[in-house]
1. Look through segment 104-128, keep the residues that are hydroxyl-bearing (Ser, Thr, Tyr) and crowded, with 24+ Cβ neighbours inside 10 Å, and return whichever of them is farthest from GLY89 (Cα to Cα).
2. Looking at VAL206, VAL235, which is the one that is part of a helix (DSSP H, G or I) and either at pLDDT below 95 or touching a Phe, Trp or Tyr at 6+ places or on another chain (Cβ under 8 Å) (or both)?
3. Out of (1) touching a helix residue (DSSP H, G or I) at 6+ places or on another chain (Cβ under 9 Å); (2) open to solvent by 20 Å² or more (accessible area, probe 1.4 Å); (3) aromatic (Phe, Trp, Tyr), what's the single condition that is false for PHE357?
4. Does ALA313 qualify as being surrounded by fewer than 23 Cβ atoms within 10 Å (Cβ to Cβ), within 24 Å of ILE346 (Cβ to Cβ) and more than 20 Å from the chain's Cα centre (by Cα)?
5. Would you check if VAL93 is surrounded by 22 or more Cβ atoms within 10 Å (Cβ to Cβ), touching a residue at least 12 places away in the same chain (Cβ under 8 Å), closer than 30 Å to GLU249 by Cα and in contact with a strand residue (DSSP E or B) (Cβ under 8 Å, 6 or more places away or on another chain)?
6. Only residues that are more than 16 Å from ALA30 (Cα to Cα) and either at pLDDT below 95 or open to solvent by 40 Å² or more (accessible area, probe 1.4 Å) (or both): list them for segment 77-90, please.
7. Quick test for you: out of ASP284, ASP279, pick the one residue that is out of contact with any Phe, Trp or Tyr (no Cβ under 9 Å at 6 or more places or on another chain), free of Cβ contacts under 8 Å to residues at least 12 places away in the same chain and not small (Gly, Ala, Ser).
8. For segment 278-367, please list each of the helices (runs of 4 or more DSSP H) lying entirely inside it that holds at least 3 residues being closer than 25 Å to ASN120 by Cα.
Amino acid sequence: MKRISILGSTGSIGTQALDLIQKHPEEFEARVLACGRNIELLRQQIEAFHPVMVSVEREEDALQLKKDYPKLDVAFGEEGLREAAVYGGCDMVLNAVVGIRGMVPTYAAVQAGRNVALANKETLVAGGRVIMREVKERGVCFLPVDSEHSAIFQCLQGNPGQPVKRILLTASGGPFRGYTAKQLEDVTLEQALNHPNWSMGSKITVDSATMMNKGLEVIEAHWLFDTAPQDIQVVVHPESIIHSMVEYEDHAILAQLGVPDMRVPIGYALSYPDRIANDCPSVDFFDLGTLHFQRADRNTFRCLDLAYQVLEAGGSYAAVLNAANEVLVQKFLEKRIKFTDIPNTIERVLEAHTPQFDLSVWDILEIDRETRGRMGV
């Protein structure tokens, strides 16, 4: 039995992971749960899964939970999140926290020798170099949960040491696929949150609409699979049936296909190297009929292009990109800025930044704080 610590247990990834765990009680135990402020749902999870430790964002919530569940270890805040990542007796940490606050728990889990299933993009976007160096030194299993990176990982299985010619990273194109730059100026929040294929949290859904999500995935893929930026090609695939592909030096291309359902990559990460059953439907190729592919429009969706530029430049630029994007997406969700203000402002923030290199995790967090401070957060 694998004992799992789930960081972000009340979010989309966390709840789907718990659904899988509940269906396979002989294989998994949800030993630790961590969330932000959704205490009511956390209480339901405590009653259903009986964890030994939980962590929440606010001290007042932690005190009340400790009062209501006296046998439960309860922590709070950033330190509580780190404690949840290294809590004794856990075999794997599923990090589904949204934002840069997920980086330190990932780092702590790796240092503690825990295997990690990663659904927190910011860990590798901002801290890829230092995190992957630690992963190699500790020899832990570091498994991607993003559907695209899980697909790449699966396509690499059975081919150890075989040179990869390129990674083909698929993208749905989001709700504004085919739009012109002029049309993007008038899009609304409601339109941006209406993703055609995937059900996700609001932040990642907006990122998908700007294609920043795909840009962040390019950066992730670079660190996860040690692949040069020019060898990572984004392919717009509206049906979201092919989740990504790997081309080897003999030009053979392997692809991982399936319905767009996050329970597949979550289940694979939790059960690796085995596979577990889920309730997802099979792809009906006769009903599907045709798959389509297009080039990604980096001129119109400039967030994707900015991510490539940042990856090429290296150093602290990626941390700045990530921080600026988080701030701006939140402002867009609050209807304080326009959709096109996101790439325009990120570009200005990057131009004003003086890069730093050979960064520690703490250096990256400081750059993140400085960037947010310059943006009034």
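The values are calculated or read from the model by the stated rules, or taken from the named source; none is laboratory data. Nothing here was measured: the structure is a model prediction, and the numbers come from that model. A quick note on method: Cβ atoms are made from the backbone with ideal geometry, for glycine too, and the neighbour counts reach across all protein chains shown. To get the accessible areas, we keep the full protein, side chains included, count just its heavy atoms, and leave off ligands, DNA and RNA. Shrake-Rupley method; radii C 1.70, N 1.55, O 1.52, S 1.80 Å.
1. Step one: filter segment 104-128 for residues hydroxyl-bearing (Ser, Thr, Tyr), giving 106-107, 123.
Pick out the ones that are also crowded, with 24+ Cβ neighbours inside 10 Å and you get 106, 123.
On the way: THR106: 17, THR123: 23 Å.
Across segment 104-128, the extreme among qualifying residues is THR123.
2. Numbers: VAL235 fails: part of a helix (DSSP H, G or I).
Answer to the check: VAL206.
3. It is condition (1) that PHE357 fails.
4. Numbers: surrounded by fewer than 23 Cβ atoms within 10 Å (Cβ to Cβ): yes; within 24 Å of ILE346 (Cβ to Cβ): yes; more than 20 Å from the chain's Cα centre (by Cα): yes.
The answer is yes for ALA313.
5. Details: surrounded by 22 or more Cβ atoms within 10 Å (Cβ to Cβ): yes; touching a residue at least 12 places away in the same chain (Cβ under 8 Å): yes; closer than 30 Å to GLU249 by Cα: no; in contact with a strand residue (DSSP E or B) (Cβ under 8 Å, 6 or more places away or on another chain): yes.
Considered against the rule, which asks whether it is surrounded by 22 or more Cβ atoms within 10 Å (Cβ to Cβ), touching a residue at least 12 places away in the same chain (Cβ under 8 Å), closer than 30 Å to GLU249 by Cα and in contact with a strand residue (DSSP E or B) (Cβ under 8 Å, 6 or more places away or on another chain), VAL93 comes out as no.
6. Keep residues of segment 77-90 that are more than 16 Å from ALA30 (Cα to Cα), which gives 77-80, 82.
Across segment 77-90, the qualifying residues are GLU78, GLU79, ARG82.
7. Values: ASP279 fails: free of Cβ contacts under 8 Å to residues at least 12 places away in the same chain.
After applying the criteria, what remains is ASP284.
8. Details: elements: 285-288, 302-313, 317-333, 341-351.
Here the list reads 302-313, 317-333, 341-351.
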